[in-house]
Amino acid sequence: GAGVSQSPRYKVAKRGQDVALRCDPISGHVSLFWYQQALGQGPEFLTYFQNEAQLDKSGLPSDRFFAERPEGSVSTLKIQRTQQEDSAVYLCASSLVGGGGTYNEQFFGPGTRLTVL
Amino acid sequence: AQSVTQLGSHVSVSEGALVLLRCNYSSSVPPYLFWYVQYPNQGLQLLLKYTSAATLVKGINGFEAEFKKSETSFHLTKPSAHMSDAAEYFCAVSAPGGYQKVTFGTGTKLQVIP
């Protein structure tokens, strides 16, 4: 597709359930980011991949959060034993290159809205 | 480390009036600065960006912003508000080099009154 896609768009989970959120980045994009946007807040960085390597996971809020990008394309964000405070919109973004001195635009997907009951 | 502060979580303007959304930044290195717009239940759309070229940046939908180093500001303006401008706006910052992780402000909801 032409842009970043995410699925599902909406997810409702009961507290304690595991969830998996998928991100399909723009084809050929090296960099992939996950952000969490709580209600009424700006997005906050969770983790960064360069191809299949997870180079920064400093924003993951707990060890219940796990992300992977095994073939350097599609990524999955997994949340184990979901809690009510995990309710948020999870945004994925991709960019063409892996860094360097020039500007590298991030393209955002529509997000997955997770509601934990 | 970088951060941005958006002044005013809600701004109301009349249709046809000037739009001014305020953003101040903090950065230990010359930053990249952005404004994003988010419509309900949609993703983030880049309005405009400053990447160390011209300090007055023009974006889509008639918006522009001026980078003022002396004031550490990057305020967003539009001369005449349109009903379709009603949305949430996020100021954001990243550092050149590396993978350019973006740090967002808390957002400003713009209401346009007919």
Task: 18 Å Cα-Cα reach of B:Lys58 towards aspartates and glutamates, excluding residues that sit fewer than 8 places from it in its own chain - done: A:Glu105, B:Glu66, B:Asp85
- [ ] List the residues whose amide H sits under 5 Å from the amide H of B:Leu48, counting only those 5 or more places along or on another chain, with H placed 1.01 Å from N in the peptide plane.
- [x] B:Trp35
Task: For the protein assembly as shown, the spread of Cα positions along each principal axis, largest first, Å - done: 48, 40, 32
Open item on the list: Rounded to the nearest 20 debye, what is the charge dipole size of the stretch B:17-98 about its Cα centre when +1 sits on each Lys and Arg Cβ and -1 on each Asp and Glu Cβ?
Closed with: 140 debye
- [ ] Whole number in Å², please: accessible area per residue of chain A, 1.4 Å probe, ligands, DNA and RNA not counted.
- [x] 48 Å²
Open item on the list: I need the calculated FRET efficiency for the pair A:Glu85 and B:Gln42, taking r as the beta carbon distance and R₀ as 30 Å, to the nearest 0.05.
Closed with: 0.80
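Can you give the charge dipole size of the stretch B:56-114 about its Cα centre, rounded to the nearest 20 debye, using +1 on the beta carbon of Lys and Arg and -1 on the beta carbon of Asp and Glu?
The dipole magnitude comes to about 120 debye.
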Open item on the list: At 1.4 Å probe radius, can you tell me the per residue accessible area of the stretch B:52-101 in Å²?
Closed with: 46 Å²
Task: Whole-number percent relative contact order across chain A, with pairs defined as alpha carbons under 8 Å at least 6 apart - done: 36 percent
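Leaving out ligands, DNA and RNA, what percent of the accessible area of chain A is carbon and sulfur, probe 1.4 Å? Intermediate values should be presented prior to the final figure.
Numbers: 2700 of 5590 Å².
Here it works out to 48 percent.
The values are calculated or read from the model by the stated rules, or taken from the named source; none is laboratory data. From a predicted model like this one, the values you see are computed outputs, not experimental measurements. Counting neighbours? That spans all protein chains shown, and the Cβs are built from the backbone with ideal geometry, glycine included. Remember, those area values only see protein heavy atoms, side chains included, never the ligands or the DNA or RNA. Shrake-Rupley method; radii C 1.70, N 1.55, O 1.52, S 1.80 Å.
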